[in-house]
1. Straight-line reach from A:K73: which lysines have Cα under 22 Å away, leaving out those fewer than 8 places along the same chain?
2. Please give the average number of partner chain Cβ atoms lying within 10 Å of the Cβ of each residue in A:106-115, rounded to a whole number.
3. Over the Cα atoms of the protein assembly as shown, what radius of gyration and what Dmax do you get, in Å?
4. Tell me the Kirkwood hydrodynamic radius of segment B:20-73 in angstroms, computed as one over the mean inverse distance between distinct C-alpha pairs.
5. For every other residue with a beta carbon closer than 12 angstrom to the beta carbon of B:V11, add +1 if it is Lys or Arg and -1 if Asp or Glu, then tell me the sum.
6. Pop out the ³J(HN,Hα) list for segment A:56-71 in order, Karplus 6.51 cos²θ - 1.76 cosθ + 1.60 with θ = phi - 60°, rounded to Hz; leave Gly and Pro as x.
7. Placing +1 at every Lys and Arg Cβ and -1 at every Asp and Glu Cβ, with all other atoms neutral, what dipole size does segment B:1-90 have around its Cα centre, in debye to the nearest 20?
8. List the residues, sorted by chain then number, that are 5 or more residues from B:S43 or on another chain and whose placed amide H is less than 5 Å from its amide H.
Amino acid sequence: AQKITQTQPGMFVQEKEAVTLDCTYDTSDQSYGLFWYKQPSSGEMIFLIYQGSYDEQNATEGRYSLNFQKARKSANLVISASQLGDSAMYFCAMREAAVSGGYNKLIFGAGTRLAVHP
Amino acid sequence: GAVVSQHPSWVICKSGTSVKIECRSLDFQATTMFWYRQFPKQSLMLMATSNEGSKATYEQGVEKDKFLINHASLTLSTLTVTSAHPEDSSFYICSARTPEGLTGFRYGYTFGSGTRLTVV
């Protein structure tokens, strides 16, 4: 079964420092996609970054980058120059393979709560 | 960009009553909508997948008769919690498959803002 693992329940980082949030995944599919979402206390899910399994380069979006190590099945999120507004819950997610006639579902890890300190 | 509007943002209802939550895709056609449930300090758990014009597919352990999903049009999917009880209190959030033209990659998902349900 496909699975996403986030082993860090909580992380602390000083403002302006970089932080890495860990994510490992398990799948037997060759084609898959990995997502990172930010969920502030308001509850909305904010898309941060996407990495396709066939993408050769690590994805980057502004201060966010995804350290994709396919052989290790890891997709860590790196936030550079942390800001106070980065304090939130962060979820790693994987697009599941579609069941015959079905659609690709997203499965989520347990999440990591990030606190940015001034 | 792609927007999914979810209403209401929060609702308090009495035990035994039903509550309807709506998700509308504002600028694209959402052929597939996913409904999630999230308990405090926990992850999102998929409840069901709805496809326009057909019956929803429920995840194992989710009561079909309690959580009624209707996806009657390409822009509207609804989740009705029937005969709600305090244990149904949770955060419910929808997510729509989003066309590549709006996301920049083949598989994209746009989330609604969520509904916080409290049953008293």
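Every number in this text was worked out from the coordinates using simple rules, so none of it is lab data. Owing to the predicted nature of the structure, the values given are computational and were not obtained by experimental measurement. FYI the Cβ positions are ideal-geometry reconstructions off the backbone, even for glycines, and counts take in every protein chain you see.
1. A:K3, A:K38, A:K105
2. On the way: counts 9, 4, 7, 2, 3, 5, 0, 1, 0, 0.
Average neighbour count from other chains, rounded to a whole number: 3.
3. Rg and Dmax of the protein assembly as shown, Cα atoms, are 17.8, 53 Å.
4. On the way: mean 1/r = 0.0825 Å⁻¹.
Kirkwood radius, segment B:20-73: 12.1 Å.
5. Numbers: positive: B:K14, B:K20, B:R116; negative: B:E22, B:D88.
After counting each charged neighbour, the total is +1.
6. Here the 3J(HN,Hα) series is 7, 9, 5, 6, 9, 9, x, 7, 9, 9, 10, 8, 9, 10, 5, 5 Hz.
7. Numbers: 8 positive and 8 negative charges, 25 e Å.
Dipole magnitude for segment B:1-90 comes out near 120 debye.
8. Under 5 Å from the amide H of B:S43 lies no amide H from a residue far enough along the sequence or on another chain.
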